Every structure is written in C-alpha cells, then in structure tokens.
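Read the figures in this text as sums done on the coordinates, not as results from a lab. Quick caveat: nothing in here was measured; it's all calculated off a predicted structure. Cβ coordinates were reconstructed from backbone atoms using ideal geometry, including for glycine residues, and neighbour counts include every protein chain displayed.
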Amino acid sequence: MCPDGQILSALHDREIPSPWREKIQEHVEGCEKCRDQINSYHEVSRRLRHDPPGLKESQERVWQKIAARERLSTHVPLWKRRVSIPAPLMAAAVVAVIFGLTFFNLLPEKKEPSGNTPEVWTVQFENHNLEDLAELLKNRDSQVQVFIELPRSSPMGLQGEPQLLRAADYRRE
Amino acid sequence: MSKRRIFPLLLLHFAFSLNAGDGLEDALGYLSGNELVVSLATRIVESENQTVWHMENTNLTVSGQSVNLKMSGENLVIFAQITPYIQTDQTLLLIAKGEVFVSSAEEGTKYYSTLKSLPVSLGEKVLFFPLGMAVDSNRNLYYIELEIQVLPRKASEKHSFEGEGAR
C-alpha cells in the first residue's frame, strides 16, 4: 500500500510529525513510484525557489497595482483639506487656541493610562537590520511551513492587542 | 535489574509500540483517521476595510501539531503558530501564538508576543489579528488578518469537492 499524493506532499512539506514521518520515509526509500513522486515535488520546489517562471514580473505588476490604487484613493487627510473660514472667525479661533494652550499648560501634569497595548520587551541589536535578526532566528525557520513575503509598500505596525475571534462574531465597520 | 524496574519499562515500551505502530500501514491508518487540514487565508486590510492583498494555503497536520507561519515585511517579521487540539467531544481548541519583531528608526527593534486560545467547532472560521485590529485612521496603518479553518481531511476533501461542483 502506497501513501496517496497528499500524504507524500505533506511529507515533502515536513508537515507529518514523528514517528509517522520516519515510517513513511522508510517506505518511500524502498518504493520507486513514491520516490519519483517525492523527487518531482523536490524539483517543483527547487524551480520555484531558484528559477520561478515570470514571478518577478508578476510580483512587480501586483506591487504597481497596489501603488496605483493607493494613488487613486480619494481619501484626503484632514490636514490637507481646504476649508474656507471668514477672517473674524479665524481670528477668534486663534485667540481661543492661544488661551486654551496657556490654560492647559498651567494644569498639573496627568499620567496617561497604560491602554490596551501588549506587554513589550525591547530587544537590543547591534544594528537595526531585520535581515540580521532573521539570521538569528534561522533555526526557527526550519520549523516554519509557510513563508509569506508581505508587500513592501504596505505600512504596518502594532495596532492594539492581538486578537483571536470567531469570524461570525467579527463585524467590519 | 529487579522485576520492579523491568515492569514499568516493559509497560512503557508496549504503550509506545501501540501508539507508534510498527509499519507504514499503522502510520497511514493513524494519519487517515486523524489528519486535519488547516486552511489559512492571509489578508492585508487597509484602514477602510479594503483588502489590498491576500494569499491562501492549506496545511496538513494532526491534533497538537502546530502549523508555523513566517510573514516578512519591510519593517516587521511575524511568526504565527496555529495549533489545533481535538477535544474528546470532537470540538476544537485552537491556540494561536504570535510573535512580532517590529523595527523603526526611532525606537529600534521591539519584540511582542501573545498567546490566545478559542474553543470552536470543526470547520468554524476563526480570525487571528497578530498585529491587533484597533484601526487608527490618523496612523493609516494596514493590518493583517489571518482566517483559519480546521477540518478533518475527509470532510475537507468533500467540502472542496462540493465547492467545485457548485461553481
């Protein structure tokens, strides 16, 4: 009995845990048909890793589309919007702002609440190159099954505490 | 070696043999009954809830064995570890571990880690936001949404077959 294609594919992707992995591996080593199939997976992986046909071009195309979409976005930040205000009202607003700033500066300083941010550990590195950090974590990579390269142009950062929730409970605003 | 010491060792050996099986058929037999398909849809969503990028993939695993992801961006690296545990009542306990390394010129490199768990039904879709989800329109940051669905392999094959048939 030979393992089916999905099992062999999972074996190739290192998704089958021990001790089943060793048993299937043992079978594959002695079975020409299974070995050929595993070799074909290796070959596909190798080609995709080293010589992916047209990947650079399509990647470039996708990034350009994302960039074009960002440019086309009609969202104008508040600070860039033009608003017409009558001069007397503007003068009154300036006076109010100056008065307000003076008043708040006289108040005793309050401590900001800590908010809902996750606990933070700062890690020191000799330089701030994430590639060096990735090198440090290389042994972690051997356990990783899925590598995703995020679009370089997308601004990302922590936005509150990480969440895990049922899709049915999540409402997009 | 006394009998008292040999007996537990024999018991241990017997238990291991039962669990591991002796041949390929045992391994395949175990896997065919316990395989779980973890379907992941990774999305980058902008502050106005528009998906600007997405990627889908499936992974085979067994209960208690994690599916590990690494997402690399311009200023951050995210490690996500999704572990499904089948409960005795055939429900699922999903554990998501997230580790984020964020780098900025002002603050250097920072490390954040989180561990979340959620009891769900098999096939129920779950969302994991490793970077959080508090949208701040002033910062105009994108966030990452990981949609997770865990199904037994057989149900997953039926599910995808029905999906193809419906098209």
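Listed values, structure above:
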{"read-out": "Against the rule of thumb 2.2 N^0.38 Å, how large the Cα Rg of region B:36-156 comes out", "value": "1.13"}
{"read-out": "Relative contact order [Cα under 8 Å, 6+ residues apart], region B:74-123, whole percent", "value": "36 percent"}
{"read-out": "Relative intensity, log₁₀ I(q)/I(0), of region A:1-75 from a Debye sum that treats every alpha carbon as a point, q = 0.11, 0.25, 0.26, 0.28 Å⁻¹", "value": "-0.48, -1.08, -1.13, -1.22"}
{"read-out": "Projected label distance in nm at A:V62 and B:E25, using a 7 Å step from Cα toward the beta-carbon", "value": "4.5 nm"}
{"read-out": "A:Y170/A:A96 FRET efficiency (R0 45 Å; Cβ-Cβ; nearest 0.05)", "value": "0.60"}
{"read-out": "Per-residue average of Cβ from other chains inside 10 Å of B:65-71", "value": "6"}
{"read-out": "Cβ-based exposure ranking for B:E56, B:E35, in which fewest neighbours within 10 Å come first", "value": "B:E56, B:E35"}
{"read-out": "Relative exposure of A:K65, B:K125, judged by other C-beta atoms within 10 Å (fewest first)", "value": "A:K65, B:K125"}
{"read-out": "Close Lys-Lys pairs in region B:36-156, where close means Cα under 26 Å and separation is 8 or more or interchain", "value": "9"}
{"read-out": "Packing-based exposure ordering (other Cβ within 10 Å, fewest first) of A:M90, B:M133", "value": "A:M90, B:M133"}
